[in-house]
Amino acid sequence: MRDDQLPSPQPHACSVLSRELDEPLAGTGAVAGAWLLAEQPGPWGRTAVTASRLDPALGAELEGRTAGTAVRLALIRRVEDHHDHEPPHRRWYAASTHPRRTWLATGVVAYPTDLLKIDFAALGAGDRRAVAGLEHEFVDAPLLGVCTNGKRDACCATLGRRVAVAVEAAEEAAEALDVVAAPEAEQEIPAVWEITHLGGHRFAPTAVVLPSGYSYGRLDAASATRVLADARQGRMAVRGCRGRSTWSRAGQVAELAVRSALDEAAESALDVVAVTQTAPDPEPAWTAVVEHEDGRAYEVSVRGAYAPVPRPESCGKADGTPLELRVDAVDKIR
């Protein structure tokens, strides 16, 4: 089936209902201080790391090594019309997302088992030496991973795939112009990838920018293209942002609130230095302290409430009432 023949989501699809209910995006991003992405073409199952053409024993071993390390493992594949080829070498990425330790490394391996040479604990701590066991390079250009795993959720396949294809087409058009202007230029590493799972299917199309770790929801081709363009300038877009994976859910909400208050877009400008839960379920609340790199600091009050209207959090699942986080106040404390 061609991409322009993909069916539109049905009226009861999780992403349609979430949008109609105006569910807040802030604080719904995946939580991970670091990411490891491994290229694996071909179909992906629901639990792609162990349900794809990657050796399931290797997938389980890689996933097991992330336990307790703050590293999130995902599979990626190139944005193409089909995924049936088996490349002789597979690209990988390792990213640290903390604003003071933000970096992206990449390389290729002939055997996926080589990824076991990565020091997962060091990667989770943002240590560049984590990838010393592999041939690698540190790159400045960001990547955009768009969730397209239809086995996890139909909305990701029907909506995410369109966005991935459109942004990749825009990239190819821009590269063609660059080649005309500079015919000796080397072919660049792809900037757009399909990715297995980012969580929050109901916010499809979803994507993550690495190495910053900012995730986005309810994208379209234009907004996703702008997100990638901003990232190349060291900037992020508050609109449509679900949060920076470095922080907890409450920390994500607090950081985005300060960004909105200050109209601050520089990726590395803010640091969430503390998050304290001040009230438990069923009406949880938090106080977060967010510092600006120029020395200013803000205290943000965040409260949680379970959605009053039941809805499926993923297509095919029973209705649920997800926890929604909102900001009560942003106060300057320094």
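Report whether or not residue 309 is out of contact with any helix residue (DSSP H, G or I) (no Cβ under 6 Å at 6 or more places or on another chain), touching a residue at least 24 places away in the same chain (Cβ under 8 Å), open to solvent by 10 Å² or more (accessible area, probe 1.4 Å) and closer than 21 Å to residue 15 by Cβ. Before the answer, list the steps.
Numbers: out of contact with any helix residue (DSSP H, G or I) (no Cβ under 6 Å at 6 or more places or on another chain): yes; touching a residue at least 24 places away in the same chain (Cβ under 8 Å): yes; open to solvent by 10 Å² or more (accessible area, probe 1.4 Å): yes; closer than 21 Å to residue 15 by Cβ: yes.
It is true that residue 309 is out of contact with any helix residue (DSSP H, G or I) (no Cβ under 6 Å at 6 or more places or on another chain), touching a residue at least 24 places away in the same chain (Cβ under 8 Å), open to solvent by 10 Å² or more (accessible area, probe 1.4 Å) and closer than 21 Å to residue 15 by Cβ.
Within the stretch 249-284, which residues are aliphatic (A, V, I, L, M), under 18 Å from residue 304 (Cα atoms), surrounded by 17 or more Cβ atoms within 10 Å (Cβ to Cβ) and free of Cβ contacts under 8 Å to residues at least 60 places away in the same chain?
Matches in the stretch 249-284: 275 only.
Matching residues to (1) open to solvent by 50 Å² or more (accessible area, probe 1.4 Å); (2) touching a helix residue (DSSP H, G or I) at 6+ places or on another chain (Cβ under 6 Å); (3) farther than 18 Å from residue 55 by Cβ:
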position	(1), (2), (3)
77	no, no, no
88	yes, no, no
98	no, no, yes
114	no, no, no
123	no, yes, yes
140	yes, no, yes
149	no, yes, yes
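For residues that are polar (S, T, N, Q), open to solvent by 10 Å² or more (accessible area, probe 1.4 Å) and out of contact with any Gly (no Cβ under 8 Å at 6 or more places or on another chain), tally how many sit in the stretch 194-244.
Residues flagged as polar (S, T, N, Q), open to solvent by 10 Å² or more (accessible area, probe 1.4 Å) and out of contact with any Gly (no Cβ under 8 Å at 6 or more places or on another chain) within the stretch 194-244 amount to 2.
Are there any pairs with C-beta distances below 6 angstrom linking a residue in the stretch 33-55 that is open to solvent by 50 Å² or more (accessible area, probe 1.4 Å) to a residue that is aliphatic (A, V, I, L, M) and outside any loop (DSSP other than H, G, I, E, B), with the two at least 6 apart or on different chains, and if so which?
That search, which allows pairs on different chains as well, returns 50/60.
Picking from 222, 229, which residue would you name as being closer than 19 Å to residue 104 by Cβ and in a helix (DSSP H, G or I)?
From the options 222, 229, the qualifying one is 229.
The values are calculated or read from the model by the stated rules, or taken from the named source; none is laboratory data. Given the structure is predicted, the values throughout are model-derived calculations rather than measurements. Quick reminder, even Gly has a Cβ in these numbers, built from the backbone with ideal geometry, and neighbours come from all protein chains shown. Heads up: the accessible areas ignore ligands, DNA and RNA and are worked out on the full protein's heavy atoms, side chains in. Shrake-Rupley method; radii C 1.70, N 1.55, O 1.52, S 1.80 Å.
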